Every structure is written in C-alpha cells, then in structure tokens.
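In what follows, a single structure is set out as structure tokens and then discussed.
Values in this text are rule-based calculations from the coordinates and carry no lab data. Worth saying up front: this structure is predicted, and the values here are computed from it rather than measured. Cβ: placed from backbone, ideal geometry, glycine included. Neighbour counts: every protein chain shown.
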Amino acid sequence: MKHIVLKAAAACTVVSMLFAGCGQKQEKLDRVTVCEVTHSIFYAPQYLAINLGFFEEEGIQIELSNGQGADKVMSAVLSDNIDIGFAGPEASVYVYNEGKEDYTQVFAQLTQRDGSFLVGRNPEPDFDWSNLKGKHILPGRRGGMPYMTLEYAMNKNGVEPHSQTNFDDSIQFAAMAGAFAGGTGDYVTIFEPTASMLEAEGKGYIVASVGEEAGEVPYTAYFAKKSFIEENPQLIQRFTNAVAKGQRWAASHSAEEIAEVIAPSFPDTQMELMVTVVQRYKDINAWSTMPQMNEKSFELLQEIMAQAGELDQKAPYDKIVNNDFAEMAA
C-alpha cells in the first residue's frame, strides 16, 4: 500500500491567488485555501466556478495552489497547511487504511474519467494497445491515479505493463512532459493542455485517451479532514454549491464558451488550442454533471487500486465519501 508522506507540508506553491469573479459579490468573503493536484484544463468546471464568480456568490474567496502530486496535496491537508485538497480519491483511501483518526473525507467529485492522454513519438491513427509491448512508457507516480488507470487500461487490452513493457515510474509527474520532449521514453501519459502543446510543437502525438478506455471512475474530487468538515459544515456546503454551479455550466455550454471563460486561468494557452482541448474532454464525458460520488464507481476505483497492487484492504464507502453536501447542492 502506498503510504502518504507527511513531511512535505509546504509543497503546495501558490500559483494563482484571490481570483476575482464577475458574479454577485458579498461584502465579506471567507478565505478558503485549495491545493489542486495539477493545473489543467481537465478541471474546467472548477475554473468556470472561479471565473464566473460562483464562489464569490457563495461568500467564498479562493486561494488556489498547485501541489504537483496527490501525495503532496494530501500532506498539505493533513498538516493543516491547506483547507481543502483537490486530487484523486485514492489518497483518502490510503490515509483511512493507515488508521489515522482524523482522516479525510471526499465531499464533492469533479471529474469522472481519467483526464490524461497517451502520447507517442509518431502519429498512430490506427493505434492498438498491443503497440505498447516492448516499449518504454512513462506512467507517472506509482500509486497515483494516472499510473493505475493506465495500468488498468493496458491490462484490459491484454498488455501486461510490468512484464511486457518498461513501465518507468522514476520520473516525477511534473517533469514527465519535459523528459519525454527531451527524448526519454516511447510513450507518456500527459494531461491537457500539455499533451496538445507537445503535439502542436511536433514533439509528440496523442494516440489514445486513457479515460475513454478505462471507463467511468471517480478520478478527481475535493476532500478535507473530517474535523474540518464537522467544524465548517456551512462553508463546505457553500463550496460544494459553487462547484455544482460550475459543473452545470460546463454541461450546458459549448467548448468555445467554456474556453472563453477559463482563458484567464491559462494565459499561455492559445484560444484555438484551448477550444480543441475542452471539446476533447467533452467528447469523452470527462466531467461529472453533479458532485455526488456513487458507490459503484467508488468500488471500481478500489478495484483498479487492488489490481495495481496498491490496496491491502478495501475502505468503506460511507467513511471515505460524505455525499450530504453534494446531494444538497444538486
């Protein structure tokens, strides 16, 4: 079982503070610190909620930071350096199974598929997963969702990652795109917009969607320490309300409209590329339309973890997932 490293409490570096929205503002806003696992268009409903002022409508001012890894996000939450973590629910399963009394609970799900894409050295319009046999693959951090869902997708297609490929987890998640562009590996899994940017530069080619192949799974969600949730139920409810508004907006608007709103969160990404990326995520149904996490998808998550050899025992759904706020928001 993957153990959560507790000593990296300050790992979340603030990359974007005090986002201003265009919605109705309240006189006094509650400051909430949120650490996201990475900064990606994959999380478009979150940036919609920020940029459209949905959090401010709920009396919340977001201070957003980038943890660059679920383990680092969890570390920051457990050490009280961050109020709310945003990463894969597997991190909460690890913490609960380690026996921590004040474990974390997931209270709102944002994405329902893996948002990474498999990028190769050459165009493969007729890509088959058997093409990965004998190849050097950069899958991410062992025990993390990108690693495990890629492993799951490969096994599903008859490719055993560890015996039939060089499944190389020696490169840190944040450094994988750079390493691949520099010549390391035959394939890499990367989130957007980085994957499309590599393709535009001719340094790689998207050959498959890991999320489309792996199926529906609670991939990214918001969580906090149980004590924080119990002490701040109204705050958690208002936060979840804003997330739900962002999800509904994403479901009812076009890729062009979404791209225009989230553009301030991605100033270095060209609009044409952003529209392409947003449409790609809409096409695979990447975003949850409501913030609840259902038990069936949670069990699939644990099945994927078990197949990856990262789960000694299953964690109870009703301990890890607190749907009270999501149901009220819906």
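Dividing the convex hull volume of the alpha carbon atoms of region 117-214 by its residue count gives 87 Å³ per residue.
Principal axis analysis of the Cα atoms in region 45-162 yields extents of 51, 39, 19 Å, listed in decreasing size. Of all aspartates and glutamates in the structure, those lying under 15 Å Cα to Cα from Lys72, and not within fewer than 8 positions of it along the same chain, are Glu36, Asp80, Asp83, Glu90.
Amide H to amide H distances under 5 Å link Ile60 with Asp30, where only residues 5 or more positions off or on other chains count and H is placed in the peptide plane. For the chain, state what percent of all Cα-Cα pairs lands in each successive 10 Å bin, counting from 0 Å until the bin that includes the largest distance. Computed distribution, short to long bins: 6, 28, 37, 23, 6, 0, 0.
The count of lysine pairs in region 170-291 whose Cα atoms are under 29 Å apart, excluding pairs fewer than 8 places apart on the same chain, comes to 4.
Between Lys135 and Tyr317, the contour length at 0.36 nm per residue exceeds the Cα-Cα span by 61.8 nm. Relative to the current alpha-carbon distance between Glu216 and Phe127, full extension at 0.36 nm per residue lengthens the span by 29.9 nm.
Here the spin labels are modelled as points 7 Å beyond Cα on the Cα-Cβ line, and at Glu327 and Thr184 they lie 4.6 nm apart.
Which FRET efficiency, nearest 0.05, do Gln307 and Glu231 yield, Cβ-Cβ r, R0 41 Å?
That pair, Gln307 with Glu231, gives E of 0.65.
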